Amino acid sequence: MLPEVVFVLGAPGAGKGTQCSHISKEYDFVHLSAGDLLREERQRPGSEYGEMIEEKIRNGEIVPVEVTCSLIHKAMQKSGKSRFLIDGFPRNKDNLDGWDRVMSDKTKLLFVLFFECSRDICTERCLGRGAAGSGRSDDNLESLQKRFNTYINDTMPIINHYDRLGLVKRINAESVPEEVFQDVKKVFDGAGLQRIAN
Ligand code: UDP
Ligand code: MG
């Protein structure tokens, strides 16, 4: 059976990472954050991509898909598992095309989980996260403005593309994590995905 994938998208600060960590505790999914994989690669001694990744992240731009897709693919293989939440990817047409080229016949896309949240709330959350010591070089107002532009110009068209294919599951992500997760569970249960027995 092909490995199964759920893409998780939404504005910066919409809560993708928080919800993915809840999901991976209740359902048999491995959480792979594209942003985290890139930040890890940036820190890896000897990485030839470290500087390029840092620059892209700080400017809210998207890293070339060859880099991101290969990090995701390697993490999938290393996990030895067969169900994945791919958090924060694909974010633009380059990502989408690169994934389709290399991964679409190696995986089955179940659906796209889309967290909807207003720009004001998202900005407040990211600034709060920065103030609380996220240590992220992009949780500041200047980077956030760029990240939002990229989101609106480059990522929304990808979400619309999957919406036309009937693959998007929308979640209102403006309330507290526990409440948002109730709606997320409805989507996963509705898709017939089994909870982990515990
Ligand atoms: N990024 C990227 N490609 C990806 C995912 C992330 O280039 O597939 C970069 C991009 O610069 C983005 C940053 O990593 O702005 C942070 O992404 P992350 O998903 O961690 O941020 P979030 O949206 O969760 O706040
Ligand atoms: Mg994240």
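Values quoted throughout were computed directly from the atomic coordinates according to the rules given, and no laboratory measurement underlies them. Predicted, not measured: the structure shown is a model, and the values here were computed from it. As a convention, Cβ positions derive from the backbone with ideal geometry for all residues, glycine included, and neighbour counts pool all protein chains shown.
For every helix of n ≥ 4 consecutive DSSP H residues, a contribution of -39,500 (n - 2.57) applies; sum these over the chain, divide by its total residues, and give [θ] at 222 nm rounded to the nearest 500 deg cm²/dmol.
-15500 deg cm²/dmol
Once the principal axes of the Cα atoms of region 71-131 are found, what is the range along each, listed largest first in whole angstroms?
Sorted from largest, the Cα extents of region 71-131 read 39, 25, 19 Å.
Based on alpha-carbon atoms only, what is the radius of gyration of region 50-90 relative to the globular estimate 2.2 N^0.38 Å?
1.32
First obtain the Kirkwood hydrodynamic radius of region 1-91 from its Cα pairs, then insert it into the Stokes-Einstein equation at 25 °C and 0.890 mPa s, and state the resulting D in µm² per second as a whole number.
The diffusion coefficient I find is 179 µm²/s.
For the chain, what is the charge dipole size about the Cα centre, in debye to the nearest 20, if Lys and Arg each add +1 at the Cβ and Asp and Glu each add -1 at the Cβ?
Dipole magnitude for the chain comes out near 440 debye.
Using the 2.2 N^0.38 Å rule of thumb for compact globular proteins, work out how region 127-198 stacks up: its C-alpha Rg over that value, please.
Compactness ratio reported: 1.46.
Any chance you could check the Cα centroid distance between region 122-158 and region 39-100 for me, in angstrom?
18 Å
Would you work out which of CYS126, GLN77, LEU32 lies farthest towards the positive end of the dipole of the chain? Charges go on Cβ: Lys and Arg +1, Asp and Glu -1.
Of CYS126, GLN77, LEU32, it is GLN77.
Can you give the local net charge around GLN182? Use residues other than it whose beta-carbon is closer than 12 angstrom to its beta-carbon, Lys and Arg +1, Asp and Glu -1.
Value of the local net charge: -3.
Count of lysine pairs in region 60-179 with Cα atoms under 30 Å apart, counting only pairs 8 or more residues apart in sequence or on different chains?
The result is 20.
Based on alpha-carbon atoms only, what is the radius of gyration of the chain relative to the globular estimate 2.2 N^0.38 Å?
Cα Rg divided by the expected 2.2 N^0.38 Å: 0.98.
Rounded to the nearest 20 Debye, what is the dipole magnitude of region 63-114 about its Cα centre when Lys and Arg each give +1 and Asp and Glu each give -1 at the C-beta?
280 debye
Convert each backbone phi in region 75-89 into a coupling constant with the Karplus relation 6.51 cos²θ - 1.76 cosθ + 1.60 (shift: θ = phi - 60°), then list the ³J(HN,Hα) values in order as whole Hz, x for Gly and Pro.
Each residue of region 75-89 in turn: 5, 5, 5, 5, 5, x, 9, 10, 9, 9, 9, 9, 9, x, 7 Hz.
In the chain, what % of DSSP beta bridges are antiparallel (nearest 5)?
Of all bridge pairs located within the chain, approximately 5 percent are antiparallel.
What's the percent breakdown of Cα-Cα distances in region 123-167 across 5 Å bins, shortest bin first?
Values per bin, smallest distances first: 6, 22, 21, 15, 13, 12, 9, 3.
Output the relative contact order of region 1-142, whole-number percent, from Cα pairs under 8 angstrom with separation of 6+ residues.
Relative contact order of region 1-142: 44 percent.
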